[in-house]
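Encoded as structure tokens, the structure appears first; notes follow it.
The values are calculated or read from the model by the stated rules, or taken from the named source; none is laboratory data. If you're wondering where the values come from, they're calculated on a predicted model, not measured in any experiment. A quick note on method: Cβ atoms are made from the backbone with ideal geometry, for glycine too, and the neighbour counts reach across all protein chains shown. Only protein heavy atoms, including side chains, enter the accessible area calculation; ligands, DNA and RNA are left aside. Shrake-Rupley method; radii C 1.70, N 1.55, O 1.52, S 1.80 Å.
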Amino acid sequence: MAILVIADHDNSSLSDATGKVVTAAAKLGGDIDVLIAGKGANGVADEAAKISGVRKVLLADDGALEKQLAEPMAALIADLAKDYDAVLAPASTSGKNFMPRVAALLDVMQISEIVAIESNDTFVRPIYAGNAIATVKSADAKKIITVRPTAFNAAELGGAANVETITPPALPNISEFVAEELTVSSRPELQSAKIVISGGRALGSSENFEKYIYPVADKLGAAIGASRAAVDAGYVPNDFQVGQTGKVVAPELYIAIGISGAIQHLAGMKDSKVIVAINKDEDAPIFSVADYGLVADLFTALPELENAL
Amino acid sequence: MKALVPVKRVVDFNVKVRVKADQTGVDLANVKMSMNPFDEIAVEEAVRLKEAGTVSEIIAVSIGPEKAQDQIRQALAMGADRGILVKTEMDAESLAVAKILKAIAEEEKPDLVILGKQAIDDDRNQTGQMLAALLGWPQGTFASEVKKDGDKLLVTREIDGGLQTVSLSLPAIVTTDLRLNEPRYASLPNIMKAKKKPLDVKTAEDYGVDLTPRLEVLKVSEPPKRSAGIKVASVEELVEKLKNEAGVL
Ligand SMILES: Cc1cc2nc3c(=O)[nH]c(=O)nc-3n(C[C@H](O)[C@H](O)[C@H](O)COP(=O)(O)OP(=O)(O)OC[C@H]3O[C@@H](n4cnc5c(N)ncnc54)[C@H](O)[C@@H]3O)c2cc1C
Ligand SMILES: Nc1ncnc2c1ncn2[C@@H]1O[C@H](COP(=O)(O)O)[C@@H](O)[C@H]1O
């Protein structure tokens, strides 16, 4: 089987989701090529070439691909897909944006956000916010798949694949990048952090996030997450949302502060190795998944925690 | 301009579904059904664009069982002008839904189709992108802001790193994220008025779309259960356990 993995990157570094998707691809068995589509992303291609198990890296360097907008990405990938039996990408906001477009161009039903591979046509994916797990068999000749990175370990580094520059076909220009506003943070990235501390509606303000959550995060070297309620209220940026419709995380340690534990939130964190919950309501549903629960007021517990660390 | 808004009938977001004992699916008997929450946001956005004079007519479409009329009526009560129900007892996959929507778009010639980013039952997140591909239109997915800018549409998108704004030529596809707006509740008079708004009933055959699934569901099982752990009495005990028992600090 010939497999194409679409790398997630920002033209300067490769996200670690890519190595995880390579692990998933390896479970399908076959030759794995990695596509780096971007502008000035040669360094990223060299990084991808080091992932063990990669046959070759395809580098498509074009101004139209710089921001990986869905329309040119899908045109490029659908064209390359002629030579592959399966195309896999991380279920990042980027992969979720262009992959279904690729699937429709190829008349294929995408298999979204898989967490396991049973055979080269049978895949496992959560549905209903993870309250059920479906095993599905694809009848399509080509498989178009997005992969939930937290479900797979990163592939080893130790490869030395060749980087081959490719010329993209004519790319559509029906959309245009205008601006971006990226969250700058010196803290670890939410989806790859070993420890995540998340705050909920109970924090009450962005000032309280700064005063109570941030110092503990810094002592722990943790990334910061949040519930939808905290994001909707503007306490933290949208990209902090953990859950069914936000980010899925599975750190070694997840600390939920003042979060009730709605199914939509649990969907994004219940595969964490150790879960801690601090909530003043002893009946909060979050305690049903917590390894260690502390019934306490966060405004007294968090300063104590900061001191104890 | 005309706007098309697809709305899906799904299990209400408050329901914690149960897997059937025979593992053929989840138990939907006597479970509360609602409009997919992201689709309520889509309807709200279309109605706001209409109120602002940008949109002239809103058509709500659902592909689903007879009962999906309830969700179309809700869209009509929120401010949509007319509805189309494409009746099927089969669970149509995203690709087939996108093909039906394409056929409707070719008939109705909307300038804008606003969908939810994700139906909360199957969690697939793909129909809008597929429709955009089939029509050859640009897409602004996971939108937190939509603005008409001359003959373009400016869409601000929620992405992993923050926010991104793209400019789309029209006609275009938008899919909604949670921060786009807060959907209104339909007032009683509007619910009454909605009953009189036109609602066409069609079938997939009318649009020449084959609903045979590409993905066969072999089984649906319970997720691994995570058992509740212990309650600790103090922060001190918590830190001690995390260090010595869990070994994560
Ligand atoms: C379509 C859809 C998608 C959604 N997607 C997501 C998603 O991806 N992620 C997500 O998180 N949610 C999501 N939600 C929202 C979800 O249903 C809940 O509304 C949300 O998770 C609640 O956030 P919360 O726990 O912070 O707030 P609440 O439910 O209000 O809980 C606050 C908690 O704080 C506790 N508390 C209050 N004061 C204190 C104090 N001083 N000290 C300690 N504890 C205190 C309370 O006991 C309570 O348990 C979604 C909803 C919908 C409809
Ligand atoms: N059966 C359907 N009827 C109407 N709209 C649908 C249907 N299925 C999906 N959609 C639309 O497509 C969006 C994304 O769904 P999905 O790709 O299945 O997660 C939904 O929020 C709806 O706007």
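Descriptive notes on the structure:
- Residue list for region A:232-247, restricted to those being among the β-branched types (Val, Ile, Thr), near ligand 1 (Cβ under 9 Å from one of its atoms) and more than 7 Å from every other protein chain (Cβ to nearest Cβ): A:Val242
- Of all positions in region B:220-227, at least one carries a residue that is hydroxyl-bearing (Ser, Thr, Tyr) and either within 16 Å of ligand 2 (Cβ to nearest atom) or within 30 Å of B:Arg124 (Cα to Cα) (or both).
- Note on region B:7-25: among residues that are farther than 15 Å from A:Asn131 by Cβ and within 16 Å of ligand 1 (Cβ to nearest atom), the one that is surrounded by the most Cβ atoms within 10 Å (Cβ to Cβ) is B:Val7.
- Residue satisfying all of: in region A:161-197; more than 30 Å from B:Leu242 (Cβ to Cβ) and of a type in the set (Gly, Ala, Ser); farthest from the chain's Cα centre (by Cα) among these: A:Ala170
- The numbered conditions (1) more than 20 Å from B:Gln118 (Cα to Cα); (2) in contact with an Asp or Glu (Cβ under 8 Å, 6 or more places away or on another chain); (3) within 8 Å of chain A (Cβ to nearest Cβ); (4) of a type in the set (Lys, Arg) are all true for B:Arg226 except (2).
- Single residue of region A:251-279 satisfying the filter (open to solvent by 40 Å² or more (accessible area, probe 1.4 Å) and touching a residue at least 40 places away in the same chain (Cβ under 8 Å)) that is farthest from ligand 1 (Cβ to nearest atom): A:Glu252
- Test: A:Ala103 is in contact with a strand residue (DSSP E or B) (Cβ under 7 Å, 6 or more places away or on another chain), crowded, with 24+ Cβ neighbours inside 10 Å and not in a helix (DSSP H, G or I): no
- Matching entry among B:Val201, B:Val235, B:Val217 (being in contact (Cβ under 8 Å) with a residue 24 or more places away in the chain and within 14 Å of chain A (Cβ to nearest Cβ)): B:Val217
- Checked against (1) within 21 Å of A:Pro237 (Cβ to Cβ); (2) more than 8 Å from chain A (Cβ to nearest Cβ); (3) in a strand (DSSP E or B), B:Leu180 meets all criteria but (3).
- A:Asn131 being of a type in the set (S, T, N, Q), away from chain B (no Cβ under 11 Å) and open to solvent by 10 Å² or more (accessible area, probe 1.4 Å): no
- Scanning region B:81-90 finds one or more residues that are more than 11 Å from chain A (Cβ to nearest Cβ) and at pLDDT below 95.
- Contact annotation: residue pairs with Cβ atoms under 6 Å, 6 or more positions apart or on different chains, pairing a residue in region A:57-75 that is within 17 Å of A:Asp46 (Cα to Cα) with a partner that is open to solvent by 10 Å² or more (accessible area, probe 1.4 Å) and hydroxyl-bearing (Ser, Thr, Tyr), are A:Leu59/A:Thr165.
Yes/no per residue for (1) open to solvent by 30 Å² or more (accessible area, probe 1.4 Å); (2) over 20 Å from the mean Cα position of the chain (by Cα):
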{"site": "B:Leu163", "(1), (2)": "yes, yes"}
{"site": "B:Val174", "(1), (2)": "no, no"}
{"site": "B:Asn181", "(1), (2)": "no, no"}
{"site": "B:Asn190", "(1), (2)": "yes, yes"}
{"site": "B:Ala194", "(1), (2)": "no, yes"}
{"site": "B:Glu205", "(1), (2)": "yes, yes"}
{"site": "B:Gly208", "(1), (2)": "yes, yes"}
{"site": "B:Leu211", "(1), (2)": "no, no"}
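- Of residues in region A:157-193 being among the charged types (D, E, K, R) and more than 8 Å from every other protein chain (Cβ to nearest Cβ), the one nearest to A:Ala17 (Cα to Cα): A:Glu189
- Criterion: touching a residue at least 60 places away in the same chain (Cβ under 8 Å), of a type in the set (A, V, I, L, M, F, W, C) and more than 11 Å from ligand 2 (Cβ to nearest atom) - qualifying residue of B:Ala77, B:Ala52, B:Ala92: B:Ala77
- When A:Arg148 is tested against (1) more than 7 Å from chain B (Cβ to nearest Cβ); (2) touching a helix residue (DSSP H, G or I) at 6+ places or on another chain (Cβ under 7 Å); (3) not β-branched (Val, Ile, Thr), only condition (2) is not met.
- All conditions but one from (1) more than 16 Å from ligand 1 (Cβ to nearest atom); (2) among the hydrophobic types (A, V, I, L, M, F, W, C); (3) surrounded by 18 or more Cβ atoms within 10 Å (Cβ to Cβ); (4) within 14 Å of chain A (Cβ to nearest Cβ) apply to B:Leu28; the one that does not is (3).
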